[in-house]
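Just below is one structure, and these are the notes that go with it.
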Amino acid sequence: QKKKLLEELGENRLPYVTPADADFHQLWKTKYSKLIFRKSDTVPEELHQMVQEGFLTLQKHNCFFQDLVRIKGKDFVTPVSRILIGNPGCTYKYLNTRLFTVPWPTEGYDIKYCSPQIHDACKALIRLNDYLHIEAVKALQGQNLFETKEIKDTTVIDREQNFATSLTEKGSVSKDQSSSCVPEDDYISLKNRTSYNLTLLNYMDPLQMLYLKQEPYFGMGNMAVSWHHDENLVERSTVAVYSYSCEGSAMEESNEQKLKGRDPAVWHVGLKVAWDIETPGLAVPLHQGDFYLMLDDLNMTHQHCVLAGFSPRFSSTHRVADCSRGTLEYIFGQCELALQNLQTDSDSMALSLKSLETAVVKQVEEIHNEVEFEWLRQFWFQGKRYLKCSDWWLKPMAKLEEFWRKMEIMTSLVLSEVGKEEQIEEQRNETISCFLLVLTERQRLRKEWTAR
């Protein structure tokens, strides 16, 4: 799709607007209404201070890492450095790389941090998470009111065209007014779609980067993160992004304010309707402490990118990750399911399989692959780095390795069983052909991971 779009464009560039353009508000209201923006002065000062200190602490302890990701069979190192913080036992997978949360302080969990400062940084991020959750619920309730009652908010247009104010108006509805208008089911759905279980933190200093990609469709300049949809999220869930650019240097604003388009010194978030060349794009400036919300299906219908300014920048991107297959609880459950097929003789202590049914063998071997390639190898591939923050993952990983060893034994038991003479030919062939498929896949993946 990208190639086709660029061919269609040729040497031309698509139009885009910033808040400096007269038609910005109209375009934002009609094509990008599910983007909600808040200026930093709407956020409590104490929260800013905690979070910004937390970012700097994590950076000082070298807790930000570039990820090795896989795109179309090739490995790339991300230009942005990241760390995942969130619910204990949660993971987040993007571009074939699984990240494991540094757990934030959670009741009922014994989490040891490498230093009190790292504990405080994780605590600050859970505070920010709670704050953004409430803001997202309010914004979604605001949207629901507008959609159901079709209130025409003329005040938005009438105000002194202050872009932050106009964006804020749409999202904020007083609590008592909003909750009375939202049915119970909708309220539960709102809560589920805004209950962030983790945040992916990003850091980049553009001046340390030898090369940054140019934005290809609109000519918006240097990109820190290319156009994309966020993946591995609960459907229609909100994404909240808090931005902290280390401004205050001489380069904060470039003097040529007459520039057409965006100021290259300032970080921006870019938005476009996915695979559409009719609708102009948006470039929204991000200053220290601003945050924005991508509500409902915006992440599915639109793509976004991050445009680099001149100063270093941190961001905290809060998500409702789809953890149906990405929590420790899930993978331990899978292991227990697989090991139900292993029995120990009470006298000789010899191990044997309860069943050689094709479906059972296939299920066990697929779980074996999942444990090895989605968890153990993903963790140890770049997992030692988590020890800079907390050793929380070491025990569960040791437990998973124990389960994996037992599954290796189960694989060899299948092999010895199908080698026996007394097996019925037809059943044996069926077992072998399904077993072979999973083993071939295991072999292929082991080679791929060794290369990575």
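The values are calculated or read from the model by the stated rules, or taken from the named source; none is laboratory data. Just so it is clear, the structure is predicted and the values come from calculations on it, not from any experiment. Here the Cβ positions follow ideal geometry from the backbone for every residue, glycine too, while neighbour counts run over all protein chains shown. With ligands, DNA and RNA removed, areas are computed over all heavy atoms of the protein, side chains included. Shrake-Rupley method; radii C 1.70, N 1.55, O 1.52, S 1.80 Å.
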Inset, instruction - Considering every residue within the range 376-387, establish whether at least one is touching a Cys at 6+ places or on another chain (Cβ under 9 Å) and among the hydrophobic types (A, V, I, L, M, F, W, C). - result: yes
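For the range 350-445, give me every one of the helices (runs of 4 or more DSSP H) that falls completely inside it and has 2 or more residues that are among the small types (Gly, Ala, Ser).
Where helices (runs of 4 or more DSSP H) fall fully within the range 350-445 and carry at least 2 residues being among the small types (Gly, Ala, Ser), they are 394-418.
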Legend entry - Checklist (1) open to solvent by 10 Å² or more (accessible area, probe 1.4 Å); (2) over 25 Å from Leu190 (Cα atoms) applied to Val273, failing item: (2)
Inset, instruction - Scan the range 300-326 for residues that are under 19 Å from Pro216 (Cα atoms) and assigned to a loop (DSSP other than H, G, I, E, B) and jot them down. - result: Ala308, Gly309
Legend entry - Residue identified as modelled with pLDDT under 95 and assigned to a loop (DSSP other than H, G, I, E, B) among Asp75, Asp110: Asp110
Inset, instruction - Inspect all residues belonging to the range 401-419 and state whether any of them is surrounded by 14 or more Cβ atoms within 10 Å (Cβ to Cβ), at pLDDT below 90 and not aliphatic (A, V, I, L, M). - result: yes
Legend entry - Of all residues in the range 303-361 being among the polar types (S, T, N, Q) and open to solvent by 70 Å² or more (accessible area, probe 1.4 Å), the one that is nearest to the chain's Cα centre (by Cα): Ser324
Inset, instruction - Scan the range 55-79 residue by residue and report those that are among the aromatic types (Phe, Trp, Tyr) and free of Cβ contacts under 8 Å to residues at least 24 places away in the same chain. - result: Phe76
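One line per residue, one yes/no per condition, for (1) farther than 22 Å from Asn299 by Cα; (2) under 26 Å from the mean Cα position of the chain (by Cα):
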residue: Thr18; (1), (2): no, no
residue: Asp21; (1), (2): yes, no
residue: His25; (1), (2): no, no
residue: Trp28; (1), (2): no, yes
residue: Tyr32; (1), (2): no, yes
residue: Leu35; (1), (2): no, yes
residue: Val43; (1), (2): yes, yes
residue: His48; (1), (2): yes, yes
residue: Gly54; (1), (2): yes, yes
Legend entry - Matching residues in the range 99-111 - criterion: being over 16 Å from Asn202 (Cα atoms) and either buried (at least 22 other Cβ atoms within 10 Å of the Cβ) or not acidic (Asp, Glu) (or both): Pro103, Trp104, Pro105, Thr106, Gly108, Tyr109, Ile111
Inset, instruction - Scan the range 290-299 residue by residue and report those that are in contact with a Leu (Cβ under 9 Å, 6 or more places away or on another chain) and either outside any strand (DSSP E or B) or surrounded by fewer than 23 Cβ atoms within 10 Å (Cβ to Cβ) (or both). - result: Tyr292, Leu295, Asp296, Leu298, Asn299
Inset, instruction - Of the numbered conditions (1) open to solvent by 90 Å² or more (accessible area, probe 1.4 Å); (2) in contact (Cβ under 8 Å) with a residue 12 or more places away in the chain; (3) part of a helix (DSSP H, G or I); (4) not aromatic (Phe, Trp, Tyr), Lys29 fails exactly one; give the number of that condition. - result: (1)
Inset, instruction - With respect to Ile36, determine if the residue is in the same structural domain as Gly309 (by the TED database) and outside any helix (DSSP H, G or I). - result: yes
Legend entry - Glu430 being of a type in the set (Asp, Glu) and open to solvent by less than 80 Å² (accessible area, probe 1.4 Å): no
